[in-house]
1. What is the sum of charges, Lys and Arg at +1 and Asp and Glu at -1, for the other residues whose Cβ falls under 13 Å from the Cβ of D125?
2. How much FRET efficiency would the formula 1/(1 + (r/R0)^6) give for T41 and K314, where r is the Cβ-Cβ distance and R0 is 60 Å, rounded to 0.05?
3. If each of S161 and N285 carries a label point 7 Å out from its Cα toward its Cβ, how far apart are those two points in nm?
4. Distance check, please: which entries in K20/K183; K97/K184; K263/K396; K190/K337; K97/K189; K241/K314 exceed 29 angstrom between their Cα atoms?
5. Hand me the trypsin sites (Lys or Arg not before Pro) from the range 48-111 located in a DSSP loop with no more than 13 other Cβ atoms within 10 Å, in residue order please.
6. Rounded if a/c is under 1.5, else prolate if a/b is larger than b/c, else oblate: which is the range 7-180, with a ≥ b ≥ c the root eigenvalues of its Cα gyration tensor?
7. When only C-alpha pairs under 8 Å and at least 6 residues apart count, what is the relative contact order of the range 7-180, in percent?
8. Nearest 10 degrees is fine. How inclined is helix 169-180 to the longest principal axis of the chain, computing both from alpha carbons?
Amino acid sequence: MNLQGKRILVGVTGSIAAYKTAILTRLLIKSGAEVQLVATTSALDFITPLTLATLSKRPVLSAFFEKTSGQWNNHVELGLWADLFLVAPLSANTLSKFAQGGCDNLLAATYLSCRCPVMLAPAMDLDMYQHPSVRANLEKVASFGNSVLDAETGELASGLSGQGRMMEPEHILEQVIQFFNPKKDFLGKKVLITLGPTQEALDPVRFLSNHSSGKMGYALAKAFEAQGAAVTLVAGPVSLKLDESRFEVHRVTTAAEMFEAAKSLHAQMDVVVFAAAVADFRPENAAVQKIKKAGEELTLRLVPNVDLAFELGKTKSTKQIHVGFALETEQEEANAKSKLERKNFDLVVLNSATEDGVGFKHDTNQVRIFHKGGNEVQSALLSKDVIAELILEEVKKAAS
Ligand code: CTP
């Protein structure tokens, strides 16, 4: 009963995922919450008000004015009543209203007038979800302070497969519980995370690099910080916005710079996560002037870069936890376990580079986590934020 006495306003909009709002409502009620549903008219094409009203034990509100009873549904009162406004599923249409301040139904008016925190669980087809206008709207509502629960990946109602499924009700419940009862298991702990790619110059305008976006490392940073840790980031060149009010950020370009920054911070850290995709090699000599084509072959001579995880693993104290990543295309388990050993990690997170929706650039990931002692945990394909929570649980186990 983690949500005892909490008042949750659940918004439902027009999406096939609205049938899952019934399950979500039941989970919230079972956890002790009071639930009031507000639905758009098109939501009620997907799920009946009777189902939702029976599960929530309250009538579902949809119109400003109930013609049959003559009742006026006051959106201001609804907004003031709630401790949390959770919109699940959130359609692209309602998202756009939220981003623009549109107010042509009870749910949108409630959004504008509520004073409580807002959590949004978008659901739509994969191409809609990736459309620049939807991405821009999601960023906009996030900038208002709304918490966006990334859509999950899998089969979609259209028959296509990809990211766009509403976060599963069980995962939404976890987010709601975490919101009301924030775990602070890393309070007072210092966490260092390397993230993003490195760039190794060939000449003043070209470099060797890789596709790392830094998303997994940043999801971990947010998760550790939410649980009380002081998080320092050593970030290669990423396009992600890193919130410098929440994290100490050191920006670097090359592997050598990343190593120097991480080495100087290492001794004071309790947990170090090596999430960066460090370039293993760099050109032996970066040309001072731009390399000109001469119509012939060009041979690049590459020399190995420092391995941060390996070098810092040598100086790891018994109190420090080191977490590594392994991105493999073959003999995945054997390679991951050999990295665990060689780099003195306490746990290693294995991503497969060969599966859909996994690894670089994606918002989702599917991992296997191997502990030094031999334990193993396997995840489903989940958003990187949920994967981050899972990794934190394993770090706690490794530290205990
Ligand atoms: N790593 C690092 N410094 C490097 C290379 C890797 O700190 N120069 C870290 C990564 O951040 C990751 C782990 O080591 O946590 C494994 O990285 P990966 O690229 O999979 O392994 P490599 O050692 O580069 O092995 P290989 O290229 O043979 O797969």
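1. Working: positive: R165; negative: D127, E155.
Computed value for this residue: -1.
2. Plugging the Cβ-Cβ distance into 1/(1 + (r/R0)^6) gives 0.40.
3. Roughly 5.1 nm, to one decimal.
4. Those over the limit are K97/K184; K97/K189; K241/K314.
5. On the way: sites: K57, K67, K97; in loops: K57, K67.
Sites meeting the loop and neighbour criteria: K57, K67.
6. Since a/c stays below 1.5, the shape of the range 7-180 is classed as rounded.
7. Numbers: 350 pairs, mean separation 39.5, N = 174.
Relative contact order of the range 7-180: 23 percent.
8. That works out to roughly 90 degrees.
Every number here is computed from the coordinates shown, using simple stated rules; none is lab data. Predicted, not measured: the structure shown is a model, and the values here were computed from it. Don't worry about glycine lacking a Cβ; one is built from the backbone with ideal geometry, like all the others, and counts go over all protein chains shown.
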